[in-house]
Structures are given as C-alpha cells and as structure tokens.
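In what follows, a single structure is set out as structure tokens and then discussed.
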Amino acid sequence: ATVVVSSHLLHEIEEHCHRVCVLERGRAAAFGRVADLLADRRPLIEISFDSPETAEKARAWLCERGLASIEDLAPSVGEFEPSRRVHARVERQDAPTLNRALTEAGMAPIYLAPRRRTLRDYFLNGPR
C-alpha cells in the first residue's frame with residue numbers, strides 16, 4: 001500500500017519513509033529511495049571548536065583551501081546561536097591531517113566526527 005505524507009519535518013520523513021518526492025516550487029525536483037538520495041557522494045566531517053569566533057575563522061580557512069563551501073556550512077536543525085561547528089569535505093583517513101593543520105594554524109578542534117547527510121541537507125543543497 002502507498003501512503004502520501006506531506007511534511008516540513010524532514011527528519012521525521014527520513015526516519016519513517018522509504019521513498020520520497022522532493023518538491024520545489026510545485027514541481028518534482030527529486031524522487032527515489034531515501035537511502036539513494038542521501039548516499040554519501042562526498043564525505044563530510046563535522047568539526048567542533050571552543051567558540052563561534054574560532055569556528056568562523058576555521059570556516060574561512062577551509063573555504064580558502066576548497067575543503068568547505070557555503071552549502072556545506074548550513075546550520076543544524078534548531079540551531080539559533082552562532083555555531084561552534086564547521087563541516088569540511090575530506091576523506092575520513094585525512095581527518096587526522098586536517099586536525100593537525102587546524103591546530104598548527106591556531107584553531108585547535110575540540111572534536112572531529114563523520115557527519116551523515118540528511119534529507120534536510122538534500123532539500124537545502126540538492127544532490128552533491
């Protein structure tokens with residue numbers, strides 16, 4: 001059986017639905033299995049810093065080196081204050097090298113962790 005659900009609560013849709021149709025301005029922009037739409041084409045690492053100021057400095061540093069873009073830096077759901085987190089596009093095995101480079105540049109991370117792509121990311125930024 002098929003049930004049609006319309007919602008802006010994308011985390012709920014991601015959790016409960018197997019297939020989705022993403023509408024943009026009333027037209028189908030994407031259709032398919034959630035797992036296929038969210039397949040990790042470009043790995044994403046979340047980096048946390050001790051202050052929003054350090055995170056902002058790191059964002060600029062990462063963008064200058066092509067490791068992040070504005071699309072990668074969308075805030076998390078429910079995040080209203082300046083973020084202490086930054087996302088970088090690096091392979092997992094390169095995370096220790098990135099950690100060392102940030103530390104040597106005076107922006108020591110609190111942690112680095114792989115970040116799974118969400119349906120919200122897909123909706124906001126499209127396929128990557």
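Readers should treat all values here as calculations from the given coordinates under stated rules, not as data from a laboratory. It should be emphasised that the depicted structure is a prediction, and the values quoted were computed from it without experimental measurement. Note that each Cβ is placed from the backbone with ideal geometry, even for glycine, and that neighbours are counted across all protein chains shown.
List of remarks:
- 3J(HN,Hα) couplings calculated from phi for the stretch 53-62 with the Karplus curve 6.51 cos²θ - 1.76 cosθ + 1.60 (θ = phi - 60°) are, in sequence order, 5, 5, 4, 5, 4, 5, 4, 4, 4, 5 Hz; Gly and Pro show x.
- In terms of packing, defined here as the mean over residues of other Cβ atoms within 10 angstrom, the peptides 17-26, 111-120, 56-65 line up highest first as 56-65, 111-120, 17-26.
- In plain terms, the chain from Glu64 to Thr97 could stretch by 10.2 nm, reckoned as 0.36 nm per residue minus the Cα-Cα distance.
- Length-normalised contact order for the stretch 1-46 - Cα pairs under 8 Å, 6+ apart - percent: 24 percent
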